[in-house]
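Data block below; observations after.
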Amino acid sequence: MVADPDVETCTKCPELVACRTKIVNGRGDPSANLALVGEAPGRFEDETGVPFVGRSGELLDEALVDLGVDPAMVRITNCVRCRPPDNRNPRVGERQNCRGHLDTELEAIDPSVVLTLGRVPTQELLGEPITVTEHVGEVRELPIAGSTRQLVIGLHPAATLYDRTKRPAFEEALTRAIELAGLY
Ligand code: SF4
């Protein structure tokens, strides 16, 4: 039996539990062949309980549509499901606490391709401290959530908000992931 990819209750991270509004589960196709994994919810995600709904989410959805992919055809989720206070990075312990939820979700969705959106998810899923901007677009084949999957190293869409020169690399990684997942 396939586990439910959504988390209804969880109190593993006391600091996050104390300030979260909602647990933010993944959105999109529950059997997608491509999963996009970000870092953690922000303010709008915390309020709505939906990942990537702020400006970064709009950018991500717009980029997918521009590339001919309906965002509902992919799975979009995060390494941790509760918003860290003041939008700080999730701590290693919080990532470890939430890794089981991410693995359960990826096991249930069972995508053949996973695109990481930025440093935190890349380091979490690769298990090594690489500099993402030096490796963006690279594809690694490795075991993730019980199966061998293709991991594409990508940038967080917010990175293109602050630095437009990063937009081509963001789009190239997204395009590579879409092609590998056979969504064209
Ligand atoms: S971040 Fe994940 S592990 Fe931590 S409390 Fe939220 S759902 Fe639980």
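None of the figures in this text is laboratory data; all of them are computed from the coordinates on show. What you are looking at is a predicted structure, and each value in this text was computed from that prediction instead of being measured. Positions of Cβ are generated from backbone atoms using ideal geometry, with glycine treated the same way; all protein chains shown enter the neighbour counts.
Quick rundown of the values:
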read-out: Fully extended contour minus Cα-Cα distance, from Thr175 to Val65, at 0.36 nm per residue; value: 38.5 nm
read-out: Antiparallel bridges, percent of DSSP beta bridges restricted to the chain (to nearest 5); value: 40 percent
read-out: Relative contact order [Cα under 8 Å, 6+ residues apart], segment 1-68, whole percent; value: 27 percent
read-out: Likely footprinting exposure, Cys98, Cys82, fewest C-beta neighbours within 10 Å first; value: Cys98, Cys82
read-out: Distance (nanometres) between label positions extended 7 Å along Cα→Cβ at Arg43 and Ser112; value: 4.2 nm
read-out: Global geometry of segment 14-180, whether rounded, prolate or oblate, following the gyration tensor of its Cα atoms and the 1.5 cut on a/c; value: rounded
read-out: Full-extension gain in nm, Ala3 to Ser31, via 0.36 nm per residue minus C-alpha separation; value: 8.8 nm
read-out: For Arg149, residues with placed amide H under 5 Å, excluding near neighbours; value: Leu142, Ile144
read-out: Gain in span if fully extended, Asp103 to Ala72, counting 0.36 nm per residue against the direct Cα distance; value: 9.1 nm
